[in-house]
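Data first, discussion second: the structure below is written as structure tokens.
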Amino acid sequence: MPMLGAHLSVSQGYDELFLAADKIGCEAVQIFAKNQRQWENKPIEASSASSFREKRAKSNVQYANVHASYLLNLVTPDDKVFNKSVASLLDDMNRAELLGISDTVVHPGSHMGSGDKIGIARIAGAIEIILNENSFCYLLLETTSGQGTSIGWRFEHIRDILSKLKDSKRVFVCYDTCHTFAAGYDIRTAEEYEKTFDLFDRIVGIDKIRLFHINDSKNELGTRKDRHEFLGKGFIGIDAFRMLVNDSRFKDHPMILEVPGDYDDFKKEIKTLNSFIKRR
Ligand SMILES: [Zn+2]
Ligand SMILES: [Zn+2]
């Protein structure tokens, strides 16, 4: 059975975080390890980190990941922004390590006109630096919707980033259903669903998917716009999510909701998904 969960806020403290996770029925949680909209942040206190680990161990949460800051851009041609971004992602991964979290998810970023090829070389360089500095964490590249000049919306982008790395065994993919759909990859019918994951398997390798973000899309297929919607309320529709939670290839994967709702909404979504799962 996949581990279902949601992106939860840590603003009320780690106690509240895990209380909420249990109340909602989360086996997986995603958090920000710092304020995702500012560059400078206070470090996590050691006591706070040990409280996180303790609370987590007592909860039903089996999997946790950090989502990196929204500010960073590892694809930018601007050296100043690039260096700041590398430092910020490394900081996110060091925070994750402190909390005992192995996985950090990042959006590759935007090439700002320099082109895919240069952008891809740029982020591959960034990943080399980061994985050298942090030997504990896994880095998960999130599939993006293709807004503006962003990288990561075509499966080929991910393949090309991975192929540039000396060693890609700590680099994986977070497959966001809303983003990939907006980028043009259909999963609405059984046929399209199989086609899309076959394609991913041929281009990147299905084993590289380590995490799912399960979101419906407020925008149609191929619009390259990133707006999340509740499951079944958007253009993807509920059938895709029914297939996903029953896909034997992903039976042990964490699946995180990032829908624009509160705890009651998350609880309802997880209950619905659980009702879809055919017990084997
Ligand atoms: Zn994301
Ligand atoms: Zn996402």
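Nothing in this text is a laboratory measurement; each read-out follows from the coordinates by a stated rule. The shown structure was predicted, so the numbers you read here are calculated from the model rather than taken from an experiment. Neighbour counts are summed over all protein chains in view; Cβ atoms, including those assigned to glycine, are modelled from backbone coordinates with ideal geometry.
Expressed as a whole number of Å, what is the distance separating the alpha-carbon centroids of segment 209-233 and segment 99-120?
Centre-to-centre (Cα) distance: 19 Å.
Quick one: Tyr193, Tyr263, Tyr175, Tyr63, fewest Cβ neighbours within 10 Å first, how do they rank?
Lowest to highest Cβ neighbour count: Tyr263, Tyr193, Tyr63, Tyr175.
Give, as ranges by residue number, the residues of segment 159-186 whose backbone N falls under 13 Å from the point 7 Å along Cα→Cβ of Phe235.
The answer is 178-186, whose backbone nitrogens lie closer than 13 Å to the label point.
Taking a virtual spin label 7 Å from the Cα of Asp22 along the C-beta vector, which residues in segment 250-280 bring their backbone nitrogen under 20 Å of it?
263-268, 270-271
If r is the Cβ-Cβ distance from Arg227 to Arg37 and R0 is 22 Å, what FRET efficiency results, to the nearest 0.05?
For Arg227 and Arg37, the calculated efficiency is 0.75.
Within a 10 angstrom radius of the beta carbon, how do Thr104, Thr143 rank from fewest other beta carbons to most?
Sorted ascending by nearby Cβ count, the order is Thr104, Thr143.
My understanding is that a pair violates if its Cα-Cα distance is over 26 Å; which of Lys233/Lys271; Lys117/Lys166; Lys42/Lys117; Lys23/Lys208; Lys169/Lys268; Lys55/Lys268 do that in this structure? Could you put the intermediate results ahead of the total?
Numbers: Lys233/Lys271 16 Å; Lys117/Lys166 17 Å; Lys42/Lys117 36 Å; Lys23/Lys208 31 Å; Lys169/Lys268 36 Å; Lys55/Lys268 24 Å.
Too far apart for the 26 Å limit: Lys42/Lys117; Lys23/Lys208; Lys169/Lys268.
Only counting other Cβ atoms within 10 Å, I'd like Val106, Val259 sorted with the fewest neighbours first.
Listed from fewest to most nearby Cβ atoms, that is Val259, Val106.
Go ahead and estimate [θ] at 222 nm for the chain from helices alone: -39,500 (n - 2.57) per DSSP H run with n ≥ 4, summed, over the residue count, rounded to 500.
For the chain, the value works out to -13000 deg cm²/dmol.
Could you give the size of the charge dipole of the chain about its Cα centre, using +1 on the Cβ of each K and R and -1 on the Cβ of each D and E, expressed in debye and rounded to the nearest 20?
My answer is approximately 260 debye.
Starting from the Cα of Asp201, move 7 Å in the Cα-to-Cβ direction to define the label point; list residues of segment 152-175 whose amide nitrogen is under 20 Å from there.
The answer is 155-160, 172-175.
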